[in-house]
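See structure below.
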Amino acid sequence: MLRAIVFDFNGVLVDDEPIHLAALQRVLGEERVELTRDDYYARYLGLDDRGCLAAALEAAGQPAPPERLARLVARKAAYYQAAMRRQSYPFFAGAVELVNAAAAAGLTLGLVSGALREEVEQALGEAGLRRLFKAVVTAEDVAAGKPDPEGYRRALAEFNSQPPLPARLIHPHEALAVEDSPAGLQAAAQAGLVTLGVTHAERGPELRGADLVAPGLAGLSLARLQRLYVEASRR
């Protein structure tokens, strides 16, 4: 029985991957490191800012000590926030509707993201969704980002320990993770969740390891999602 849904943020609820990429490219360019669009989607999608920047620097043969990474993460966040001030957060078609429908049906909702908490809270607040999420786990809340399962395990722990407490414990196999990257899918699967991979034209084949696959959230009703979950649980 499906009792909970845990969403990724960037690339699942909010269509801001191009904005993140542009900010990362700007920061790395200032460090004389090139980050191509193809490399980002093939190698770094799903990593948090620190993980992406560290990997890109190391691939370029540059050192990535903690103090340098901290400066670059802060600079990238400033560029991203400046872009967001020029526009509202671009939620994917169907995302807000699905979250509202799931909450109205009594499902417990969580979010696990490599984004910074300020970014997530601001976006959810703008869309009027924050109160619907029982657990929100961001980059600052974990020691290791995706593909490490720490974020998903923390979300499940909060489902079962934070008020209002469930009538019985929510087990991992009763929760569905909605992800758009191999790293996110790996993290959710290691935590024991059923996984739904939301594909995009430029990276759909990478999500073959998901228990379920959908082209996007637009047109994906909660009833359809529940049927897909049941099918995956029987495999």
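The values are calculated or read from the model by the stated rules, or taken from the named source; none is laboratory data. Keep in mind it's a predicted model, so treat the numbers as computed, not measured. When we count neighbours, we look across all protein chains shown, and the Cβ atoms used for this are built from the backbone with ideal geometry, even at glycine.
Within the range 137-159, restricting attention to residues that are surrounded by fewer than 20 Cβ atoms within 10 Å (Cβ to Cβ) and touching a strand residue (DSSP E or B) at 6+ places or on another chain (Cβ under 6 Å), which residue is farthest from A183 (Cα to Cα)?
This residue is E158.
Being touching a residue at least 12 places away in the same chain (Cβ under 8 Å) and not aromatic (F, W, Y) is the requirement here; does A102 meet it?
yes
So which residues in the range 55-105 are small (G, A, S) and under 19 Å from L132 (Cβ atoms)?
Within the range 55-105, the subset small (G, A, S) is 55-56, 59-61, 64, 70, 74, 77-78, 82-83, 88, 93-95, 101-105.
Residues satisfying the conditions are S88, A93, G94, A95, A101, A102, A103, A104, A105.
Say whether the condition of being more than 30 Å from I170 (Cα to Cα) and more than 20 Å from the chain's Cα centre (by Cα) is met by at least one residue in the range 38-52.
no
Please state which one of V33, V12, V6 is of a type in the set (V, I, T), in a loop (DSSP other than H, G, I, E, B) and within 19 Å of V198 (Cβ to Cβ). Let's see the steps before the verdict.
Working: V33 fails: within 19 Å of V198 (Cβ to Cβ); V6 fails: in a loop (DSSP other than H, G, I, E, B).
Matching residue, one of V33, V12, V6: V12.
From L24, L35, which residue is under 25 Å from V178 (Cα atoms) and not polar (S, T, N, Q)?
The conditions single out L24.
From the list A105, A82, A93, which residue is at pLDDT below 95 and within 30 Å of H173 (Cα to Cα)?
Just one listed residue meets the conditions, A93.
Pull out all pairs, ordered by first then second residue, where Cβ-Cβ is under 8 Å, the residues are six or more apart or on different chains, the first lies in the range 66-78 and is in the same structural domain as E30 (by TED's automatic domain parsing), and the second is loosely packed, with under 12 Cβ neighbours inside 10 Å and part of a helix (DSSP H, G or I).
Close Cβ pairs satisfying both conditions: R75/E30.
Might you check whether a residue that is crowded, with 18+ Cβ neighbours inside 10 Å, outside any helix (DSSP H, G or I) and either of a type in the set (A, V, I, L, M) or in contact with a strand residue (DSSP E or B) (Cβ under 6 Å, 6 or more places away or on another chain) (or both) occurs anywhere in the range 162-169?
Taking the range 162-169 as the starting set, the residues that turn out to be crowded, with 18+ Cβ neighbours inside 10 Å are none.
Among the residues of the range 162-169, not one is crowded, with 18+ Cβ neighbours inside 10 Å, outside any helix (DSSP H, G or I) and either of a type in the set (A, V, I, L, M) or in contact with a strand residue (DSSP E or B) (Cβ under 6 Å, 6 or more places away or on another chain) (or both), which makes the answer no.
Limited to the range 114-132, what total is found for residues that are crowded, with 20+ Cβ neighbours inside 10 Å and out of contact with any helix residue (DSSP H, G or I) (no Cβ under 6 Å at 6 or more places or on another chain)?
The number of residues fulfilling the criteria is 4.
When you check G209 against the structure, is it assigned by TED's automatic domain parsing to the domain that holds E97, surrounded by fewer than 13 Cβ atoms within 10 Å (Cβ to Cβ), in contact with a strand residue (DSSP E or B) (Cβ under 9 Å, 6 or more places away or on another chain) and more than 16 Å from A4 (Cβ to Cβ), yes or no?
Criteria met by G209.
Report, ordered by the first and then the second residue, all pairs with beta carbons closer than 8 Å, sequence separation of six or more or different chains, a first member in the range 166-192 that is in contact (Cβ under 8 Å) with a residue 12 or more places away in the chain and on the phi > 0 side of the Ramachandran plot, and a second member that is part of a loop (DSSP other than H, G, I, E, B) and not small (G, A, S).
Note: pairs meeting the criteria are G192/H171.
Just give me the residues in the range 1-48 being hydroxyl-bearing (S, T, Y) and without any contact (Cβ under 8 Å) to a residue 40 or more places away in the chain, in sequence order.
T36, Y40, Y44, listed by residue number.
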